[in-house]
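The values are calculated or read from the model by the stated rules, or taken from the named source; none is laboratory data. On a predicted model such as this, the values are computed, not experimentally measured, just so you know. Don't worry about glycine lacking a Cβ; one is built from the backbone with ideal geometry, like all the others, and counts go over all protein chains shown.
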Amino acid sequence: MQRSKLAFTTAATMATVVLLAGCAPGGSAGSTAPREAVSTELGSDSITLSLVSTPESGASTKATIAAFEEAYPNVTVDYEQTNYEDYNKSVNLALNSDESPDIVLLNSVANTVKNDLVLDLNPYAEAYGWNDVYPSNQLDQWRVAEDGSTLGPGGALYAAPAGFSTVGLYYNERMAADLGITAAPATLDEFEADLAIAQAAGELPLQLGNSQGHSSFVVQLVGQSIDGAAEAADWVFGATDSTFDTTGNVTGATKLADWATKGYIPKDANGIDLQGAVANFVTGEGLFFVDGNWDATAIGDGLGVDAGFVAFPGAKATAIGTSVAYAISSRSEHPNAAAAFLDFLNSPDASEQQFASGFMPVDPAAATPEAGTVMADIVSAWGKVVADNGLVGFNNNATATMNDTLTAATQELIASKITVDEFITQIQDDWSATHGQS
């Protein structure tokens, strides 16, 4: 199989949250202010910050903390991590507590912004010149309108990027060669043909873990490859009159249900989490695997030169992705120091660590993969996605409850407990409840 690999650019991935002081939950987005006057000068007094994140971005963040502490010797950053599922359930409670962390990974704006749990970063973006550092579309995913739920240009900024992730299609090159497959699929029809070839040879066609709802990635990738990135992004951002009932999403849900019926995915997919699926894939269970670049290191280490990655098959290169992003708590006693850490995330030192951990770095110059590796494929695929303007945020982040809705609905769809029409309706109903549209 010719090497044509892609890496995940937004990961999966994840953002940080900043807490705002003196604001009761329920205020309008952007109504709070930091506890000290905005400044890029930190002085010489000793400062201790607390930061919470998840293991997926932990290695990069811990290495960045070490470099930051060297650059700012009077600042110490205490790091704590929680597994992804527990983190998403607990982060808002942590931000609203008397022991709130200063800096948090923000995986979605959800109710975190609506309840004024994190700071409006526009003053710091101006102070540090972030609008000149980042392309606008990289910050727009973390801009939120005054309603607290509509994303995109024009809103206040609530998180700063710390590397980018993208979800695409991993494949086992050795298995593909053994099956007589000589090139990565370029269309959905070719992808399905390869799935059928694998099953006929007694191999698992598509590795999948869905205990946390990751099969929603399959639905979204099929959907946006057909509908186009712009239409898909409108729905994620909450644009007026958007709908999930599109040709692409119906096709994606139909394919997922059909592949489950045909045995193209593990029979116990609903009982396998993402890391379990990664472990299965690197031991040779599955020709293909839909996942993000946050697992590139584990997959590259497990499969070595046999690990391949491409953008999901389609007329244009599209990917699901966002930035790993950090926010500042509204309750932080040291928002200026926290903002200095967020600014450090675009430094050469931080970018080097981001890339070493499998993420596309904020500073593109740090993307220097070793030839013949899965990260080289990721960089190549990322370039194609960027060229086609094909990066779309996670459907899971479209509303505060969408991740739970997608998890439950995909599990029922795979188990043949609901129809495709019922699946589409459940997802759109959740979206409409937040965005006030039918």
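Structure values in brief
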| quantity | calculated |
| --- | --- |
| Pairs where the first residue, in the range 98-126, is in the same structural domain as Asn403 (by TED's automatic domain parsing) and farther than 19 Å from Phe237 by Cβ and the second is crowded, with 21+ Cβ neighbours inside 10 Å and among the charged types (D, E, K, R), C-beta under 7 Å, 6+ apart | none |
| Flag for Ala307 being at pLDDT 90 or above and surrounded by 22 or more Cβ atoms within 10 Å (Cβ to Cβ) | yes |
| Residue, surrounded by the most Cβ atoms within 10 Å (Cβ to Cβ), within the range 234-267, restricted to residues that are part of a loop (DSSP other than H, G, I, E, B) and of a type in the set (Ser, Thr, Tyr) | Tyr264 |
| Test: residue in the range 79-101 that is assigned to a strand (DSSP E or B), within 19 Å of the chain's Cα centre (by Cα) and at pLDDT 95 or above | no |
| First in the range 269-296 and within 14 Å of Ser211 (Cα to Cα), second anywhere and acidic (Asp, Glu) and part of a helix (DSSP H, G or I), Cβ under 6 Å, 6 or more apart | Val278/Asp295 |
| First in the range 147-158 and surrounded by 23 or more Cβ atoms within 10 Å (Cβ to Cβ) and at pLDDT 90 or above, second anywhere and basic (Lys, Arg) and part of a loop (DSSP other than H, G, I, E, B), Cβ under 6 Å, 6 or more apart | none |
| Any hit, the range 359-367, residues being in a helix (DSSP H, G or I), under 20 Å from Gly152 (Cβ atoms) and either at pLDDT below 95 or among the aromatic types (Phe, Trp, Tyr) (or both) | no |
| Test: residue in the range 190-210 that is within 21 Å of the chain's Cα centre (by Cα) and of a type in the set (Gly, Ala, Ser) | yes |
| Members of the range 147-163 that are assigned to a strand (DSSP E or B) and closer than 18 Å to Phe237 by Cα | Leu151, Ala156, Leu157, Ala160, Pro161 |
| Residue within the range 64-71 that is crowded, with 20+ Cβ neighbours inside 10 Å, modelled with pLDDT of 90 or more and of a type in the set (D, E, K, R) present | no |
| Hits in the range 280-300 - residues which are surrounded by fewer than 17 Cβ atoms within 10 Å (Cβ to Cβ), under 11 Å from Gln207 (Cβ atoms) and touching a Gly at 6+ places or on another chain (Cβ under 8 Å) | Thr283 |
| Residue match in the range 307-318 (condition: among the basic types (Lys, Arg) and either part of a strand (DSSP E or B) or touching a helix residue (DSSP H, G or I) at 6+ places or on another chain (Cβ under 7 Å) (or both)) | no |
| Total residues in the range 397-438, condition in a helix (DSSP H, G or I), touching a helix residue (DSSP H, G or I) at 6+ places or on another chain (Cβ under 6 Å) and within 17 Å of Thr150 (Cβ to Cβ) | 2 |
| Some residue of the range 115-130 being modelled with pLDDT under 90, under 21 Å from the mean Cα position of the chain (by Cα) and closer than 21 Å to Ala337 by Cα | no |
| Condition met for Ile197 (farther than 18 Å from Ile320 by Cβ and of a type in the set (A, V, I, L, M, F, W, C)) | yes |
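Rundown of residues vs (1) in contact (Cβ under 8 Å) with a residue 60 or more places away in the chain; (2) assigned to a helix (DSSP H, G or I); (3) surrounded by fewer than 24 Cβ atoms within 10 Å (Cβ to Cβ), yes/no style:
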{"site": "Ser165", "(1), (2), (3)": "yes, no, no"}
{"site": "Met175", "(1), (2), (3)": "yes, yes, yes"}
{"site": "Ala183", "(1), (2), (3)": "yes, no, yes"}
{"site": "Ala193", "(1), (2), (3)": "no, yes, yes"}
{"site": "Leu204", "(1), (2), (3)": "yes, no, yes"}
{"site": "Phe217", "(1), (2), (3)": "yes, yes, no"}
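So that you can scan it fast, the table gives a plain yes or no per residue for (1) within 26 Å of Pro101 (Cα to Cα); (2) surrounded by fewer than 24 Cβ atoms within 10 Å (Cβ to Cβ):
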site	(1), (2)
Ser347	yes, yes
Ala350	yes, no
Gln353	yes, no
Phe359	yes, no
Asp363	no, yes
Thr373	no, yes
Ala387	no, yes
